[in-house]
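Here is the structure we will look at, set down as C-alpha cells.
The values are calculated or read from the model by the stated rules, or taken from the named source; none is laboratory data. Note that the coordinates shown come from a computational prediction; the quantities given were computed from them, not determined experimentally. So basically every Cβ, Gly included, is an ideal-geometry build from the backbone, and we count neighbours across all protein chains shown. Keep in mind that these areas ignore ligands, DNA and RNA; they rest on the heavy atoms of the full protein, side chains included. Shrake-Rupley method; radii C 1.70, N 1.55, O 1.52, S 1.80 Å.
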Amino acid sequence: QVQLVESGGGLVQPGGSLRLSCAASGNIFSIATMNWYRQAPGNEREWVAAITSGGSTNYANSVKGRFTISRDNAKKTVYLQMNSVKPEDTAVYYCKLRIGIKDYWGQGTQVTVSS
C-alpha cells in the first residue's frame, strides 16, 4: 500500500517562494511517475507538473518558468519549488503517484498567496 503525505504549504506574499514536499511510503516510488495538482475553491483540480522515474519533467503553462518539480528517490520524496508566486497560485496542492494505471493521492497542503 502506498501513502503520500504533503507538507510545506502556508501563507506567502506575492513574488515570494515556497517549497512543497510529498513523502511516499512503500517500495514503488523510484519507478513511479510523480505529479503535482492543485485545486482552488470553486474550481476543478488541475494538473501542475510531472516528473517521470527517469527525471523527465513537464509543466502546465501557468507555472512554467516559475515552478520546479524534482525528486529524491533515496528519500522517496518529490518536491515542488514555487518561485515568483501569484495570488492565482492559491490552492490546495496535491501530489499523485502513478504506477501503471493505478493512482495514489495525498491529502493536500494549503498554499495561500496574499499580502
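When you scan segment 47-56, how many residues do you find that are under 19 Å from Leu18 (Cα atoms) and without any contact (Cβ under 8 Å) to a residue 40 or more places away in the chain?
The initial filter retains those residues of segment 47-56 that are under 19 Å from Leu18 (Cα atoms), namely 47-51.
After this cut, where a residue has to be without any contact (Cβ under 8 Å) to a residue 40 or more places away in the chain as well, the list is 47, 49-51.
Qualifying residue count, segment 47-56: 4.
Going through Gly8, Gly26 one at a time, which residue ends up being closer than 14 Å to Gln110 by Cβ and surrounded by 14 or more Cβ atoms within 10 Å (Cβ to Cβ)? Please lay out each step first, then the result.
Numbers: Gly26 fails: closer than 14 Å to Gln110 by Cβ.
Every option except Gly8 fails the conditions.
If only one of Ser21, Ser84, Ser30 is of a type outside the set (A, V, I, L, M, F, W, C), touching a residue at least 24 places away in the same chain (Cβ under 8 Å), under 19 Å from Thr112 (Cβ atoms) and not in a strand (DSSP E or B), which one is it?
Ser84
Only one of these conditions is not met by Gly42: (1) exposed (fewer than 13 other Cβ atoms within 10 Å of the Cβ); (2) touching a residue at least 40 places away in the same chain (Cβ under 8 Å). Which number is it?
All conditions pass for Gly42, except number (2).
Which number in (1) under 16 Å from Val5 (Cα atoms); (2) open to solvent by less than 30 Å² (accessible area, probe 1.4 Å) marks the one condition that Gln110 misses?
Failing condition for Gln110: (2).
Does segment 54-75 contain any residue that is open to solvent by 20 Å² or more (accessible area, probe 1.4 Å), within 14 Å of the chain's Cα centre (by Cα) and closer than 18 Å to Gln107 by Cα?
Scanning segment 54-75, I find no residue that is open to solvent by 20 Å² or more (accessible area, probe 1.4 Å), within 14 Å of the chain's Cα centre (by Cα) and closer than 18 Å to Gln107 by Cα, so the answer is no.
Pro14 fails exactly one of the following numbered conditions: (1) part of a strand (DSSP E or B); (2) in contact (Cβ under 8 Å) with a residue 12 or more places away in the chain. What is the number of that condition?
(1)
Can you spot a residue in segment 9-29 that is touching a helix residue (DSSP H, G or I) at 6+ places or on another chain (Cβ under 8 Å) and at pLDDT 95 or above?
yes
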